[in-house]
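Have a look at the structure below, then the notes.
Read-outs: derived from the displayed coordinates by stated rules, not from any lab. Keep in mind that this is a model prediction, so the values were computed, not measured. As a convention, Cβ positions derive from the backbone with ideal geometry for all residues, glycine included, and neighbour counts pool all protein chains shown.
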Ligand SMILES: CC(C)(COP(=O)(O)OP(=O)(O)OC[C@H]1O[C@@H](n2cnc3c(N)ncnc32)[C@H](O)[C@@H]1OP(=O)(O)O)[C@@H](O)C(=O)NCCC(=O)NCCS
């Protein structure tokens, strides 16, 4: 039996209410949080539980997905991957990914991205994946270059965090580039 959501290292699965504690812990690394999006005031345990429960109970969408990156027999949550900016007319979508700091450099993000793109390209017939990366986010720049994404553009000084401005760099991968590199 083969699951399209299972890789060598990670599995993509739906959010479960019990996942709240892992994500609560990941939020303690402010640099990682800023790299992923923006620093926000601390969230209570009650609010984080509510967040996980709401996601777990939400009706799933076929194209706008938010999935847990999980590892091992116990399905331990190590991160999250999601799609947004879905444009069915032009066949493009944007994705975001975040792996908890204790789990970095184990190949989890790379594999999760390949699993997600395979679904979006070959089940949902999208033709292009995009990702925006802040210019100070060296790990993600390295990750996307290593995966074979093409650097397509730069929005100069487009966000402020940690006392400084960052550019945003647009990475893109076409369906056929994915096939050549990852299929
Ligand atoms: C960027 C991020 C998703 C990478 O996740 P990861 O699971 O550690 O990545 P992988 O293990 O798959 O790394 C694959 C390759 O990317 C590059 N890379 C990843 N992290 C790196 C780092 N800190 N420094 C240099 N290169 C790095 C390396 O080439 C690496 O391969 P290697 O370990 O064999 O050298 C993770 O650091 C993260 O979640 N950071 C916080 C949130 C964030 O930045 N999200 C992305 C927003 S666009």
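Where does the chain land at 222 nm, in deg cm²/dmol rounded to the nearest 500, when only DSSP H runs of n ≥ 4 count, each adding -39500 (n - 2.57), divided by all residues?
Details: 6 runs with 60 residues, N = 183.
So the helix-based figure for the chain works out to -9500 deg cm²/dmol.
Taking 0.36 nm per residue of separation and subtracting the current Cα-Cα distance, fully stretching the chain between residue 38 and residue 18 would add 4.8 nm.
Each label point was placed 7 Å from the Cα along the Cα-to-Cβ direction; for residue 82 and residue 64 their separation is 1.0 nm.
Given R₀ = 30 Å, what would the calculated FRET efficiency be for residue 101 paired with residue 130, taking r from the Cβ atoms and rounding to 0.05? For R0 = 30 Å, the calculated efficiency reads 0.75. Among 116, 143, the ranking by other beta carbons within 10 Å of each residue's beta carbon, starting with the fewest, stands as 143, 116. For region 69-142, the square roots a ≥ b ≥ c of the C-alpha gyration tensor eigenvalues yield an a/c of 1.5 or more together with a/b not exceeding b/c, which makes the shape oblate. For region 30-158, just say rounded, prolate or oblate: build the C-alpha gyration tensor, square-root its eigenvalues into a ≥ b ≥ c, call rounded for a/c under 1.5, and beyond that prolate if a/b exceeds b/c, oblate if not. Rounded, because the longest to shortest axis ratio a/c is under 1.5.
Full extension from residue 75 to residue 168: what is 0.36 nm times the residue separation minus their Cα-Cα distance, to one decimal in nm?
Details: separation 93, 0.36 × 93 = 33.48 nm, distance 3.31 nm.
30.2 nm is the gain from fully extending residue 75 to residue 168.
Exposure proxy check: 44, 158 ranked by fewest other beta carbons within 10 Å?
Working: 44 9, 158 14.
Placing the least packed residue first, the sequence is 44, 158.
Label positions at residue 179 and residue 2, each projected 7 Å from the Cα along the C-beta direction, are separated by 1.7 nm.
Checking the a/c ratio against 1.5 first, then a/b against b/c, what shape does the Cα gyration tensor give for region 88-183? Note, shape of region 88-183 comes out oblate. Here the label points at residue 25 and residue 158, each 7 Å from Cα along the C-beta direction, are separated by 3.4 nm in the simple model. Just need log10 I(q)/I(0) for region 1-98 at q = 0.11 Å⁻¹, Debye formula, equal scatterers on the alpha-carbon atoms, no solvent, rounded to two decimals. Values, matching the q order: -0.37. Cβ crowding within 10 Å ranks 67, 147, 39 as 39, 147, 67, fewest other Cβ atoms first.
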